[in-house]
Amino acid sequence: MLVKIKVNGELRSADVPPETTLLKMLRESLNLTGTKLGCDVGDCGTCTVIVDGVSVNSCLMLAGRANGSEITTIEGLADSNTLHPLQEKFEEHGALQCGFCGPGMLMSAKDLLDKNPDPSIHEVRDALSGNLCRCTGYTKIIEAVIDAGRVMRKEISA
Ligand code: FES
Ligand code: FES
């Protein structure tokens, strides 16, 4: 089936079998390999992308269901050469170690800050509860998200 999506501002399409997941289409048909394949069953969150303003596990969504949608992946997070405040703050706080959870973690955090630019620690924990990290213990990730919100509210610089 032919699936047409707008991804990171660009119209893209791919002819894929009906059982193809959005994750597989992004990675294998559109070569957007920043979105990672972890568990493939909705448990780890590393495949998180934003579809029509909502963060989803792309391993659980059929590509066909995304037809006509606007999608943001990790490749679309930075604004051309300028890193998103989340990327700046993750780096500054050392919030990533192996980095495997990073793309999904960042997209879930973006979804949160787009809707709530001044989240509490509890709200950050809740928003990231579907994203597993084996390395960091989460504290630095949460600090980075809180700080990125402060940058977006122009309380501190990037
Ligand atoms: S790969 Fe989708 S939730 Fe793990
Ligand atoms: S940094 Fe390794 S899984 Fe999160």
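Some observations on this one:
- Heavy atoms of residue 118 accessible to a 1.4 Å probe, total area in Å² rounded to 10: 90 Å²
- Principal axis extents of the C-alpha atoms in the stretch 85-152 (largest first, rounded to whole Å): 27, 23, 17.
- Restricting the calculation to Cα atoms, every distinct pair contributes to the Kirkwood radius of the chain, found to be 15.7 Å.
- Taking label points 7 Å from Cα along the Cα-to-Cβ direction, residue 19 and residue 114 give a separation of 3.1 nm.
- Here the convex hull built on the C-alpha positions of the stretch 2-76 has a volume of 72 cubic angstrom per residue.
- The simple spin-label model puts a point 7 Å past each Cα toward its Cβ; for residue 78 and residue 43 those points are separated by 3.3 nm.
The values are calculated or read from the model by the stated rules, or taken from the named source; none is laboratory data. The model shown is predicted, which means the values in this text are computed figures rather than measured ones. No Cβ is skipped: glycine too gets one built from the backbone with ideal geometry, and neighbour counts run over all protein chains shown. Ligands, DNA and RNA are stripped out before the accessible areas are found, and what is left, the full protein with its side chains, is counted by its heavy atoms. Shrake-Rupley method; radii C 1.70, N 1.55, O 1.52, S 1.80 Å.
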